[in-house]
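Below is one structure, written out as structure tokens, with a few remarks after it.
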């Protein structure tokens, strides 16, 4: 009877020598692998703070471009978003800008989208293009190219506008440029100009 108990106890000890190490290894594996098991089936989302301008995948929120032209006069271009194409080219969403002409008048520009070339200092605008000048003119068209260095604004699509001295319309576009006598607006193609005589007389009298 004693021999049977001794053999039984020996088998129990031998069995524990096998079970205990295995149990310890399984416990360690569970502790190490538990975070991975919990993550299965879950997606990870990155939190982005929209209040700060930052570049993500070549996109910039609320970019601001500012420089001077060949005469040292300032201009600036803003947008809701910008996507960098190359080092010098950027696609703009809801661009807005301001340029100062030689005689001191300012043109404010805005459109649905644009392409800014920082090397050539050129801005291509497209979609609901609106030009507003400090002398009271509001001009609308669909496309316009702004050459920021020499302050030329031009387009080849239908244009209409109005201001203190009357209304203008050009079927094939327009061109605004600086000349020695000041700012000159040229209408392309069949055009129409409606003069407000009262406003013209008032303007003439104020300069006499």
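Values quoted throughout were computed directly from the atomic coordinates according to the rules given, and no laboratory measurement underlies them. Remember, predicted model here, so these are calculated numbers, not experimental data. Glycine gets a Cβ as well: all are built from the backbone with ideal geometry, and neighbour counts include every protein chain shown.
Sorted fewest first by neighbouring Cβ atoms within 10 angstrom, 129, 184 come out as 184, 129. In this simple spin-label approximation, residue 122 and residue 157 carry label points 7 Å from Cα along the Cα→Cβ vector, and these lie 1.8 nm apart. Residue 71 label point, 7 Å along Cα→Cβ, cut-off 14 Å on backbone N: hits in segment 85-121? 99-107, by backbone N distance to the label point. With a Förster radius of 30 Å applied to the beta-carbon distance between residue 84 and residue 134, the computed FRET efficiency rounds to 0.40. Annotation for residue 150 and residue 167: the two label points, set 7 Å from Cα along the Cα-Cβ direction, are 3.3 nm apart. Sorting 116, 65 by the number of Cβ atoms found within 10 Å of their own Cβ, with the fewest placed first, yields 65, 116.
Please work out whether segment 57-207 counts as rounded, prolate or oblate from its C-alpha gyration tensor, where a ≥ b ≥ c are the square roots of the eigenvalues and a/c under 1.5 means rounded, while otherwise a/b larger than b/c means prolate and anything else oblate? In terms of gyration-tensor shape, prolate.
Listed by Cβ neighbour count within 10 Å, with the fewest neighbours leading, 158, 75 appear as 158, 75. Is segment 120-173 best put as rounded, prolate or oblate by its Cα gyration tensor, with a ≥ b ≥ c the root eigenvalues, rounded for a/c under 1.5, and otherwise prolate when a/b is larger than b/c, oblate when not? Oblate is the answer for segment 120-173, as a/c is 1.5 or above yet b/c matches or exceeds a/b.
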